[in-house]
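Okay, so here's the structure we're looking at.
Values in this text are rule-based calculations from the coordinates and carry no lab data. A quick note: this is a predicted structure, and the numbers were derived from the prediction, not measured. Glycine also receives a Cβ, built like all others from the backbone with ideal geometry; neighbour counts cover every protein chain displayed.
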Amino acid sequence: MALTTELYPTEISSGSWDTGHIQGIAVDEKNGYVYSSFTRMLVKTDFHGNVLGTVEGFTGHLGDVDFNEMDGRVYGSLEYKADEAFYVAIFDVDNLVRIGMDAETSGVVTAVHLREVVADYTADMDSDGIFDGDTADTADHRYGCSGIDGISFGPEFGNAEGPQQLMVAYGIYENNNRDDNNYQVILQYDVSRWGEYERALTQVNPHRSGPEDVDGKYFVRTGNTRYGVQNLSYDRSSRLWFLGVYRGSKPGYPNHNLYIVDGTAQPEVELLEGQPREEKGLVLPLLQEGILSEDTGIYGWEFKADVGFEPLANGYFYVARNFYDYSSGRRQESARLELYRWHGVPPMGFARVSD
């Protein structure tokens, strides 16, 4: 039986771990499981915060995650920048049954490689014949692409009644000295065809099995942010896409920490501003609500949604709040999932749900 809003705990612990901070959360409402990405591990808990299993041993960066109701698996963004390899990691969470399962040898994790991300990440934008690598202080990286992070299932933009797609958002380097990095970039994939691409994760020699092309590529003008969309989420109740970001610092832009796209609005082909060569792309309109920057026309919100943000039913959300836990005698990364309700009133748009 699906959980009702009356059964959502107002707080859930994600545990404390010797790893990087929490990156994203996914919820299986039907079975009552929560999945938390902690940079180099995935943690499975129940709605009471009891730890049921972990997948560990990632040498890359495990980012945002989402639960696929169609196949019962968890999908997450996974980066290996030194190897110029970017993946969607797919977790067979039915078999995630104990603490300490290995990312490569347990059989729980497969991965699909994303060639489009590699092409933009490694783009030699200044045409000097040298790719400058993992740095923001360069003209390289098309659109400022630093890899991927935010990930979510939802319908194609502008077609809220359409079939489910996987959306993967770029990381974007923070660089205030270039003008071609003021868009968030989102790729669309139909994962129903991905069975032929899935391979076991191999981290020493990363595989390159994945689709040749994307099923869609979209741009959202927000101004430059610090590492792009950290958490991407689609809320079926409101038909809105939520883009949680680390606040940017570029002068002349509002630099909010949350942006919202209207999932019912049609993307429009527009000339992309600031690109070194004339280029057109499918641009998604921001929801015309929230806090308006008169100078830029950009709408945004003031709400922390960058380390874990998951829509539930009927306008409820779990939002991760990260902190350090010293109870073991050493510093560990921890998080608390708090229950919020969307009401749409600026500047936050959310209210905390209490007991």
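At 222 nm, what helix-only mean residue ellipticity would the chain give, in deg cm²/dmol to the nearest 500, using -39500 (n - 2.57) for each DSSP H run of four or more?
Values: 1 runs with 7 residues, N = 355.
Taken over the chain, the calculation gives -500 deg cm²/dmol.
For region 1-120, what's the relative contact order in percent, using C-alpha pairs closer than 8 Å and at least 6 residues apart? Write down the numbers at each step before the final one.
Numbers: 255 pairs, mean separation 22.6, N = 120.
Reported as a whole number, the value is 19 percent.
Can you pull out the GluC sites (Glu not before Pro) in region 242-327 that DSSP calls coil and that have at most 15 other Cβ atoms within 10 Å? List each step's numbers first, then the result.
Details: sites: Glu268, Glu270, Glu273, Glu278, Glu279, Glu289, Glu294, Glu302; in loops: Glu273, Glu278, Glu279, Glu289, Glu294, Glu302.
Passing both the DSSP loop test and the Cβ count: Glu273, Glu278, Glu279, Glu289, Glu294, Glu302.
Please report the antiparallel percentage of the DSSP beta bridges confined to region 20-309, to the nearest 5.
On the way: 74 of 78 bridges.
Around 95 percent of the beta bridges assigned by DSSP in region 20-309 are antiparallel ones.
Taking the structure as given and computing P(r) over Cα pairs in 10 Å bins from 0, in percent, which label from (i) 5, 20, 23, 20, 15, 9, 5, 2, 1, 0, 0; (ii) 6, 26, 36, 25, 7, 0; (iii) 5, 24, 31, 24, 12, 3, 0 fits?
Of the labelled values, this structure produces (ii).
With θ taken as phi - 60° and the coefficients 6.51, -1.76 and 1.60, list the Karplus ³J(HN,Hα) couplings across region 48-56 in order, rounded to whole Hz; mark glycine and proline as x.
Ordered by residue, 3J(HN,Hα) equals 9, x, 6, 7, 9, x, 9, 10, 10 Hz.
What is the gain in length, in nm to one decimal, between Glu278 and Asp71 on full extension, counting 0.36 nm per residue of separation less the C-alpha to C-alpha distance?
Details: separation 207, 0.36 × 207 = 74.52 nm, distance 4.09 nm.
Length gained, Glu278 through Asp71: 70.4 nm.
Please give the peptides 37-43, 9-15 ranked by average Cβ packing (other Cβ atoms within 10 Å per residue), highest first, as a rough proxy for protection.
Details: 37-43: 24.0, 9-15: 18.6.
Sorting 37-43, 9-15 by mean packing, highest first, produces 37-43, 9-15.
Taking neighbour Cβ counts within 10 Å as the exposure measure, how do Lys44, Lys280 sort from fewest upward?
On the way: Lys44 24, Lys280 11.
Listing Lys44, Lys280 from fewest to most nearby Cβ atoms yields Lys280, Lys44.
Only four residue types carry charge here, +1 at the Cβ of Lys and Arg and -1 at the Cβ of Asp and Glu. Report the dipole size of region 1-96 about the Cα centre in Debye, rounded to the nearest 20.
Working: 5 positive and 16 negative charges, 32 e Å.
Roughly 160 debye for region 1-96.
Taking other Cβ within 10 Å of each residue's Cβ, how do His207, His48, His141 sort, fewest first?
Working: His207 15, His48 10, His141 29.
In order of increasing Cβ crowding within 10 Å: His48, His207, His141.
GNM on the chain, C-alpha springs below 10 Å: top fluctuator among Ile25, Ile291, Ile130?
Ile130
Might you report the magnitude of the Cβ-based charge dipole of region 71-217 about its Cα centre, with Lys and Arg at +1 and Asp and Glu at -1, to the nearest 20 debye? Could you put the intermediate results ahead of the total?
On the way: 10 positive and 29 negative charges, 97 e Å.
Approximately 460 debye in magnitude.
List the lysines whose alpha-carbon lies under 29 Å from that of Lys30, not counting same-chain residues fewer than 8 positions away?
Partners found: Lys44, Lys304.
Considering only Tyr246, Val112, Asn322, whose Cα is most displaced toward the positive end of the charge dipole of the chain, charges sitting on Cβ of Lys, Arg (+1) and Asp, Glu (-1)?
Of the options given, the answer is Asn322.
What is the magnitude of the charge dipole of the chain about its Cα centre, with +1 placed on the Cβ of each Lys and Arg, -1 on the Cβ of each Asp and Glu, and no other charges, expressed in debye to the nearest 20? It would help to have the intermediate numbers written out before the result.
Values: 28 positive and 56 negative charges, 183 e Å.
Rounded to the nearest 20 debye, it is 880 debye.
For the charge dipole of region 20-309, defined by +1 on Lys and Arg C-beta atoms and -1 on Asp and Glu C-beta atoms about the Cα centroid, which residue among Ser293, His256, Thr138 has the Cα displaced farthest towards the positive pole?
The listed residue farthest towards the positive side: His256.
Would you mind telling me which residue in Val118, Val65, Val229 has the biggest mean-square fluctuation in a Gaussian network model of the chain, where springs connect alpha carbons within a distance under 10 angstrom?
Checking each option, the largest mean-square fluctuation is seen for Val118.
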